[in-house]
Structures are given as C-alpha cells and as structure tokens.
Amino acid sequence: MTGRTPSPTSTEPLTFLSRREFLRLCSFMTAVLALPARYGTRVAAALGAAAVSGRPTVIWLEFQDCAGDTESFLRSSHPTAAELLFDLLSLDYHEVLMAPAGQAAARSLAEAMERTPYLVVVEGSIPTADGGVYCTVGGRTAVQTLTEVAHGAAAILAVGTCAAFGGLPAAAPDPTEAVGVRDVVGDRPLVNLPGCPVNAVNLAATLVHHLTFGEPPALDELGRPLFAYGSLVHDHCPRRGHFDSGRFVREWGDEGHRRGWCLYRMGCKGPAAHSNCPLVGWNDNTSWPIGAGHPCLACTEPRFWDASAPFYRWMGEEHLPMRRAREREGEGIGVALGVGGAAVAAGVGAAALVHQRRRARRGADTSLPQGGAT
Ligand code: SF4
C-alpha cells in the first residue's frame, strides 16, 4: 500500500479514507470496543502513529475452512474496516489473496516470518488424525505450519468458529479429529473470534485495540473478547419484548413471523449465544440473521453444529417467560431469564470445551438443551 503518510498528531487521513471518514471510523471502533468516547482521539492518534512507524506484518493462515472469514473481512464496505487495516497493517502472506504460488509462496512465508514479532490470523480448523495429513500446504501439515509460525507471533487471532473451536470439521463423526488453534499452540497469546463467519467489525476492533494499546482486549474464559462476546444475543435482541410478552412465531410465514415476533419456538438459540450481533449487525449494520427473520444458531459457541442441530428445534419450555414466572414466584422475569441464559451458555462453553473431541466422536448432542417439536 502506498499513499500519503499520516501524521500521528493531526490524524491526517490514510490512503483509502478521507479525514472525516477516518475520524468517524475511529469513533465507531471506540464504541465497538466499549471504550469511553474520549478514547476516540487516542485511537486515532495511535492508528496514525502505527502507519508512520511501520506497518506490522500480518501472516494469514488458512487450514480446514471455506474462506468465509476472508470473504466476510473483504466484503465490508464504506469506509471499510478492511481498508483501514490494509493501510495500517502489512498483509504479507495470505494464500487466497497473494499473487505468488508454489515455491514463491513458500518463500513469501519464510520472508514474512523474519519480520518478528508479527501478527498471525488463523482461519479454519487443524486436523490431527493420522499425523495431520488431511491438511497439508507445500508438503507441511497444518500442525507443523501453525506451530512454526506461532513461534514468532506477538499475538494470534483465531477467526471463525473453525479456528476457535474446531467448527464444522470437528462435528461428528469428526473424521480428521479437527481442533481449534488453542489445542495446538495454547501457550501463545491467543484471541478467539468465533462466528460462522467472524464479524469483520469484531476482527477490525481487536486489531485496532492491539495497535492502540499493544495488547489484546479483555477476554472471557474461552479467549473471546468481552466487548464482542460479553453478552448474550438474547440480551439486546430487538424481539426481546415479544419474548417477554409471550408473542412467538409458531410457523414460518405466519402472522407473528410477518410482524417480527420472537423466534424462540422456531429454534432460536439466542438465549445461549454470546455475541454482539444485535448491536453491530452485518453488512454495515443493514441487517443480521434475526433481523431477517431467521433464528440465531449460536454459531459463536463451542460445538456449534453438534450442539445447535437440529437448527429449527427449540430449546424447550424452561426458558419461556410465563413458565419461569410461575416457577420462580417473586423473581423478575428478566433476571430469571438472564441468569438462566447465562448458565446455559456457560455450561455450553465450559463443558463443551473440555469434552469437545470426545463427545464429537461419540456423536453426542447434549450441550444445548433441546425441546420437542413446537
Ligand atoms: Fe431474540 Fe431469539 Fe431471544 Fe427471541 S429467543 S428474543 S428471537 S434472541
């Protein structure tokens, strides 16, 4: 990337962005990171300084994946998080985007690894069965490449649920014994950014936090940034009022569906899914799955697929507000639901992480509570 060099003190616009767009994006990133508004100028100054002092090298590795996280990152638009970061970071190795191939690509990786410390982004799960032979690039297995590249990393970002927790490749019967990054290089600084795919806004905000403060944001017990995964989808869902009032969609296309009622009975896993989807949305916040009338599938949680399927089966009566109100006489419905949802989600996270591989091989399907047909 070439262009004008920004001044760290004047927040001169970067190559792709006007000054107004740059400052607006810094304010947006500050809000996504849940920082006080006064941090906006600090973020702007830090990003300007990063561009002046030399852009950090980024090595983007792809293993067992569909490239959906790359697509998600590249498809954001106006003024784009991707554009901002292409100005601030040097994406020196990315198999989908780079021009070199074959031996030239291998040389590009070797040269990038000489620029320590660098940032590593990992997309896709890592197969471990049969010596890891089910994903090899340039004759080296994913385990070998990741272990080697992780050694010089200042931080590793596992983007998408496959890289974070194994994702689809780890679903039963898990023929490749796929795992997430933490299971291979758990001793390295790691941030998990699950989602199917990762939300580009959260990836950008995590990188902005690293550039601004020199460290990753605060994380939960599964290594996910709290700014993005610290609350449940259910907590901020615009259909929550319908849930609390007992107004549920009961059939696709029925009157409730047309009027935007709650999708819980249609299989929504929002009460057990940690994500800021309702707050940042997708496609420049034009919409998101629930906004488009589709249930949340809890794609940010461990064992997504095994635990969430069948996707359109509901989680059972125990979360329904009237039943909770009856069972917990005297408790506020909102409080009861919040605790219940958090407990379910915590159970999903902790238990699933510990037993992920074993359960996947057994084809178990018990992490998310399952109800009967509506
Ligand atoms: Fe929204 Fe789903 Fe919760 Fe209903 S159950 S309020 S659709 S997150």
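The values are calculated or read from the model by the stated rules, or taken from the named source; none is laboratory data. Computed from a predicted structure; not experimentally measured. When we count neighbours, we look across all protein chains shown, and the Cβ atoms used for this are built from the backbone with ideal geometry, even at glycine. To get the accessible areas, we keep the full protein, side chains included, count just its heavy atoms, and leave off ligands, DNA and RNA. Shrake-Rupley method; radii C 1.70, N 1.55, O 1.52, S 1.80 Å.
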* Do we have any residue at all in the range 222-237 that's in a loop (DSSP other than H, G, I, E, B), more than 15 Å from the chain's Cα centre (by Cα) and near the ligand (Cβ under 10 Å from one of its atoms)? -> yes
* To do: Could you please let me know if Arg265 is more than 22 Å from Ala31 (Cα to Cα), out of contact with any Cys (no Cβ under 9 Å at 6 or more places or on another chain) and outside any helix (DSSP H, G or I)?
  => no
* **Filtered residues of the range 238-284 (kept if aliphatic (A, V, I, L, M) and either open to solvent by less than 40 Å² (accessible area, probe 1.4 Å) or away from the ligand (no atom under 13 Å from the Cβ) (or both))** => Val249, Leu263, Met266, Ala272, Ala273, Val280
* Can you find even one residue in the range 37-60 that is closer than 24 Å to Trp282 by Cα, under 18 Å from the mean Cα position of the chain (by Cα) and surrounded by 21 or more Cβ atoms within 10 Å (Cβ to Cβ)? -> yes
* Structure fact -> Counted residues in the range 114-142 being outside any strand (DSSP E or B) and either in contact with a Lys or Arg (Cβ under 6 Å, 6 or more places away or on another chain) or closer than 23 Å to Cys162 by Cβ (or both) come to 12
* To do: Determine, yes or no, whether Pro189 is open to solvent by 40 Å² or more (accessible area, probe 1.4 Å) and either closer than 27 Å to Gly54 by Cα or within 16 Å of the ligand (Cβ to nearest atom) (or both).
  => yes
* If you take the residues of the range 209-221 that are in a loop (DSSP other than H, G, I, E, B) and under 17 Å from the mean Cα position of the chain (by Cα), which of them is surrounded by the fewest Cβ atoms within 10 Å (Cβ to Cβ)? -> Glu221
* Asked: Can we say Ala112 is surrounded by fewer than 19 Cβ atoms within 10 Å (Cβ to Cβ) and modelled with pLDDT of 90 or more?
  -> no
